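The values are calculated or read from the model by the stated rules, or taken from the named source; none is laboratory data. Note that this is a predicted model, so its numbers are computed, not measured. Because the Cβ atoms are built from the backbone with ideal geometry, glycine has one as well, and the counts that use them run over all protein chains shown. Surface areas here come from the heavy atoms of the whole protein model, side chains and all, with no ligands, DNA or RNA. Shrake-Rupley method; radii C 1.70, N 1.55, O 1.52, S 1.80 Å.
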Amino acid sequence: MHLEMRHLRYFCAVARELSFSRAAEQLHIAQPPLSRQIRDLEEELGAELLDRGSRPLRLTPAGRFFQIQAQQMLDRMSEVQAATTRIAGGRRTWYAIGFAPSTLYGKLPDVIRQFRLAQPMVDLSLYEMTTVQQVEALKAGRIDIGFGRLNFDDDDVVGELVREEPVMVALPVNHRLVKHKRIRLAELAKEPLLLYPAKPRPSYADQVLEMFQSRGLKPVIALESNEVQTAIGLVVAGLGYALVPQSVQNLHREGVLYLPLGEPGVSTPVIMNRRRNDESELTTYLAEMVRSLPTSMRSMAQRG
């Protein structure tokens, strides 16, 4: 047996009604085949989803988890089907943007908002992904444009430097180094570093490590996390410091201070990635919007 959408629909109906008879009536099928389908689903998953001995019927912990995931998949599939129908009928156009999480604290939300207002007939999809994942998604056609922080040498993808963003240090408010106006990397190298993202690599984490290594320093890595929000939360908890793009200051959290580095010119790029030779109207329009930002830089980082 392979999981099919009908198995998800059947189970969600039973989980919602907590009754095989009511779920069968809602689904317009007989109760015995519905019960059999749920049994088959449980055998395939290797988990009991329903506590059949209870009255009324109850979900097991595994069942509650599976219900949430299954409903999300059903909702997403409904969105995909509706969008596909609109696009096939010529009423809508689908466009997908990938973005590294930290780029969302800068000007990108404004760009997305303006793009949606200017293109009301476009179904816009947004996907959080690292630069590595963006390059793969661009080549596979899963996204149309991406915003990341790494340069990649790939014949099929072109990267354009949007801006160089200063790097700052995020420290707990009670850290002994917050008394300084600027903090040098040599001082930070002795403190526990909260590094992100942990995977996949290469990523912004490698840029951070290079900041130390290029100066003959070796940081003390305390923990690695996959999200910048998690890293900041760990800073608040007093577990160490994090080096973050300047725009992350817009992630307002009590218990954290952002201070500039003592070394001048320590920065991380924001790169706009797109397929080589993609001159589609929407990609051209969005790229021009990004270039028109006051903080944009016109220099190109061509790859391949």
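Values for this structure:
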{"quantity": "Fully extended contour minus Cα-Cα distance, from Gln229 to Ile68, at 0.36 nm per residue", "calculated": "55.6 nm"}
{"quantity": "Members of Lys181/Lys218; Lys107/Lys139; Lys139/Lys190 lying beyond 31 Å, as alpha-carbon distances in this model show", "calculated": "Lys139/Lys190"}
{"quantity": "Long-range amide H partners of Val122 with built H, under 5 Å", "calculated": "Thr93"}
{"quantity": "Answer label, with Kirkwood radius over Cα pairs in Å calculated from the coordinates and candidates [x] 22.7; [y] 20.0; [z] 18.8", "calculated": "[x]"}
{"quantity": "By accessible area with a 1.4 Å probe, ligands and nucleic acids excluded, highest first: order of Ser102, Ser267", "calculated": "Ser267, Ser102"}
{"quantity": "Sequence-distant residues sharing a close amide H with Arg163 (under 5 Å, placed H)", "calculated": "Val270, Met297"}
{"quantity": "Per-pair calculated FRET efficiency, R0 = 25 Å: Ser280 and Asp110 via Cβ, rounded to 0.05", "calculated": "0.70"}
{"quantity": "Label point 7 Å beyond Cα of Val80 along Cβ direction - residues of segment 129-144 with amide nitrogen under 20 Å", "calculated": "129-130, 133-144"}
{"quantity": "Percent RCO, i.e. relative contact order, over segment 124-171, from Cα pairs under 8 Å lying at least 6 residues apart", "calculated": "28"}
{"quantity": "Sequence-separation-based contact order of segment 49-186, relative, with Cα cut under 8 Å and 6+ spacing, percent", "calculated": "18"}
{"quantity": "Average accessible area per residue (Å²) across segment 87-158 - probe 1.4 Å, nucleic acids and ligands excluded", "calculated": "47"}
{"quantity": "Karplus-derived HN-Hα couplings along segment 159-167 (A = 6.51, B = -1.76, C = 1.60, θ = phi - 60°), whole Hz, x at Gly and Pro", "calculated": "x, 10, 6, 8, 6, 9, 9, x, 9"}
{"quantity": "HN-Hα J in Hz across segment 58-66 - Karplus 6.51, -1.76, 1.60, θ = phi - 60°, x for Gly and Pro", "calculated": "10, 7, 6, x, 5, x, 5, 5, 5"}
{"quantity": "Cβ-based charge dipole, the chain, positive-most Cα from Met121, Met77, Pro219", "calculated": "Pro219"}
{"quantity": "Assigned charges on the beta-carbon of Lys, Arg, Asp, Glu; segment 184-244 dipole about Cα centre (debye)", "calculated": "140"}
{"quantity": "The chain: antiparallel DSSP beta bridges as a percent of all, rounded to 5", "calculated": "60"}
{"quantity": "Antiparallel %, DSSP beta bridges [both residues in segment 132-254], to 5", "calculated": "45"}
{"quantity": "Given charges at beta-carbon only (K, R positive; D, E negative), |dipole| of the chain in Debye", "calculated": "700"}
{"quantity": "Residue (of Leu293, Leu257, Thr93) at the positive-pole extreme of the chain, dipole from beta-carbon charges", "calculated": "Leu257"}
{"quantity": "Ile145 long-range amide H proximity, modeled H, under 5 Å", "calculated": "Ala96, Gly98"}
{"quantity": "From phi via Karplus (6.51, -1.76, 1.60), per-residue ³J(HN,Hα) for segment 11-16 in Hz, x at Gly/Pro", "calculated": "5, 4, 5, 5, 5, 6"}
{"quantity": "Gyration tensor (alpha-carbon) shape descriptor, segment 55-174, a/c threshold 1.5", "calculated": "oblate"}
{"quantity": "Cβ-placed point charges (K, R +1; D, E -1), dipole of segment 98-158 about Cα centre in debye, nearest 20", "calculated": "340"}
{"quantity": "Trypsin sites (Lys or Arg not before Pro) within segment 155-259, DSSP loop, no more than 16 other Cβ atoms inside 10 Å", "calculated": "Lys181, Arg182, Arg184, Lys190, Arg215, Arg253"}
{"quantity": "Relative contact order %, the chain, counting alpha carbon pairs below 8 Å whose residues are six or more apart", "calculated": "21"}
